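A quick write-up on the structure given underneath.
The values are calculated or read from the model by the stated rules, or taken from the named source; none is laboratory data. What you see is a predicted model, and the numbers here were worked out from it, not measured in a lab. Glycine gets a Cβ as well: all are built from the backbone with ideal geometry, and neighbour counts include every protein chain shown. Just the protein is used for accessible areas: all its heavy atoms, side chains included, with ligands, DNA and RNA removed. Shrake-Rupley method; radii C 1.70, N 1.55, O 1.52, S 1.80 Å.
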Amino acid sequence: MVLGARMHAVAPRVVLVTGVSRYFAAQVAARLAADPRIDRVVGVDETEPTGVAASLLPAVDYRRADISSPGIARLVTDAAVDTVLHLAVVAGPTGAGGRDAMKELNVIGTLQLLAACQHAPTVRRLVVRSSTAAYGASPRDPAIFTEQTALRAMPRGGYAKDVVEIEGYVRGFRRRRPDTAVTVLRFAPFVGSRADTTLTRYFSLPVVPTVLGHDPRIQFVHADDAVEVTCRAAREEHPGDFNVAGPGVLLLSQAVRRAGRVPWPMPDPAMTTVAQLARRSGLVDFSLDQLDFLVHGRVVDVRRLIDDFGYSPRSTPEAFDDFIAGHGMGAPVDAGGLDEAERLLRAGGRAVLSGLRSMLAAKGDRP
Amino acid sequence: MTADEPAVGDDGTAAKDPSANAGRADGDPRVGAGRADGDPRVDAGRADGDPRADAAEASGGTAEADVWERRIADGLAFLRRRVTGDYPVDDFGFDPELTEQLLARVLRPLYRSWFRVEVSGLDHVPADGAALLVGNHSGTIAMDSLMLQLALLDDHPAHRHLRLLGADFIFRTPMLGEFARKSGATLACNPDAERLLSDGEIVGVFPEGFKGIGKRFTDRYKLQRFGRGGFVAAALRTKVPIVPVSIVGAEEIYPLIGDIKPLARLLGIPYFPVTPFFPWLGPLGAVPLPSKWLIECGEPIDTSALDADPDDPAAVFGLADQVRETIQQTLHRLLLRRGSTF
């Protein structure tokens, strides 16, 4: 039945992508703009795209607009948009210009955009970027979250709260517009050869602070897989909620060592202080939900995505290895050095053994 | 180690006859074959706990040197994998290498020499495929679960890993939670239990929970209430056999005579144990008494043949009671068989 629905699903003609000044949304918009079946891709953001994002956008019809203003409704109606990709959900306050601005963009932006979609009869498909942060992170949660796992307690930390609120609005939209296919993509944190996020900067620290007594299981999604899945959600029809993560897990200690970094375990209260200090100094933009992530970890089930999209994202260890290689990180000593060290230690062990043996033999000879 | 070294000295002449040593090392299938094939994890673990392997080592200089060189090489390879993070863990955070190399090695002396655990009925635990092991819980700390885990790893012909289900208290506690996950445990909740069982794992559960391990010494071998029977629903839903496991011996390791409630509340733990030796003797009081242990895995209950609805509380409670009764009766029988406590 799902397959049938996909076959009958019409390819989008006019796509609206929000948040295109950011690299991820810009990549998605550029990929869709290159698709000959799609007539027009409208990209909106309240800031002008710069750098790599700007270079990706020549084929995209960029409109500078604030999605948290009612003006967005006119844009959706005038362009006769049939597919909306809401990717303007920001994870950290730094990029958005403070926590208030971040909440404004995430929550009010989503609210306005959904209101615009609700009154636009042309809209038939909506894809929303969400996060696995929507599940929270606590010791009372099952080890692996499926799309049906209910939230136990409101997570602490701005981003996670925003995500929970956004998903609430999306549920409301689904009820009011049952004719629209709504896809919610809950992404694990991005890594990749070029991804630059709070978490990738965290792993780039020379000494990585971790929480003493906790070695959480963590999961990532490769940024390229995230783009691919989002594009498929736009082109095909996959109504429902989907976890998007690389199968498999890494332990935090394992990830730190694979990145060639040294873990620095510190007690939870100290870690909170360090996180706040780091945040204030602008070194690392760290929020409390990320701290919870580093204490309890978060692992999701990706079976539904693989079955429904027919696409398997790179595994978490593979994605992380690509991130390490792309950022020129890795073991502080190369494999050759490790081999050398192992040989030396083995020779040393052998010498100690033969020394011990001759000592004992001498003792044994004595009457 | 110290026991081996003088033996080498005494038997120093053997070192001069390499053919004899080679013959001896090959003659012992555990040492010879174990070293030859490429899996250092399992073999190193097995050979270590095997008194015969130690005897073979002590019998000659070269054989002993080979074994020790092999151990150093294995140890270094292990350390290297640890330092570079190059080892697999499953989605639950289970680290089989760490469990076999570290946890099993630490527990093995307790299992073999201290508690002298005798296991029976291991043929009731399948060699492959899932099963739910349901046991009685006792002993102030959950030593019984660890011993059952080692029993399946060492003494089951298929050397199976037991995936324990633990209370959320464990996963909230720093260190303990980390260690529990790495040793294969996960939170006692239906999604996790059913996922593990569907993956074909052997899952261990102690439905009495803290009521079981935290009961007084005077209540020993009296099974407590079996919670909500969630484990029965998990087994019914995944259609895996339930194996009742009766453990005798854990009750006496820390005879619980009291509970300092205010201290427990202060530390955020379920109870603060008082035994005849703890906390009076400090760390010495934390040494478990060397009681004799018997573990019996009973006749499996084939849930796929039952016509019970996992959502019907009456059916679930009925089956839970049946398991509880079986364990209780087996406990009485094992106690008679054991005779003296030590």
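A few points about this structure:
- In Å², nearest 10: area of B:Trp114 left accessible to a 1.4 Å probe: 100 Å²
- Ordering B:Met147, A:Met359 by accessible surface, largest first, gives A:Met359, B:Met147; the 1.4 Å probe counts only protein heavy atoms, with every chain in place.
- Rolling a 1.4 Å probe across all protein chains gives B:Val106 an accessible area of roughly 100 Å².
- Interface size B-A, as summed buried accessible area [1.4 Å probe, Å², nearest 100]: 3100 Å²
- Between 0 and 90°, nearest 10: helix A:223-235 axis offset from chain A longest Cα axis: 30 degrees
- Three-way shape call for region A:194-316 based on the alpha-carbon gyration tensor, with the a/c threshold at 1.5: prolate
- Shielded by partner chains, region A:101-148 residues - at least 20 Å² of accessible area, 1.4 Å probe, vs chain alone: A:Pro139, A:Arg140, A:Pro142, A:Ala143, A:Ile144
- Heavy-atom accessible surface of the protein assembly as shown: percent carbon and sulfur, 1.4 Å: 58 percent
- DSSP-defined antiparallel bridges as percent of all bridges, the protein assembly as shown, nearest 5: 15 percent
- Cα-based helix-to-principal-axis angle, A:23-33 vs chain A, degrees rounded to 10: 50 degrees
- Percent of Cα-Cα distances greater than 44 Å, calculated over the protein assembly as shown: 37 percent
- Summing Lys and Arg as +1 and Asp and Glu as -1 over all other residues whose Cβ lies under 14 Å from the Cβ of A:Val191 gives a net charge of -2.
- Solvent-accessible area lost in complex, 40 Å² minimum, residues of region A:199-226 relative to chain alone, 1.4 Å: A:Gly213, A:His214, A:Asp215, A:Arg217
- Above-threshold pairs, the threshold being 22 Å between Cα atoms, out of B:Lys182/B:Lys222; B:Lys215/B:Lys261; B:Lys222/B:Lys292; B:Lys182/B:Lys211: B:Lys182/B:Lys222; B:Lys182/B:Lys211
- In terms of its alpha-carbon gyration tensor, region A:62-132 comes out prolate; a/c meets the 1.5 threshold, and the first ratio a/b outweighs b/c.
- A 1.4 Å probe run over the protein assembly as shown, with the rest of the protein chains in place, finds 43 Å² accessible per residue.
- Contact-buried residues of region B:133-171, at a threshold of 20 Å² lost accessible area versus the chain by itself: B:Asp168, B:Phe171 (1.4 Å probe; DNA, RNA and ligands ignored).
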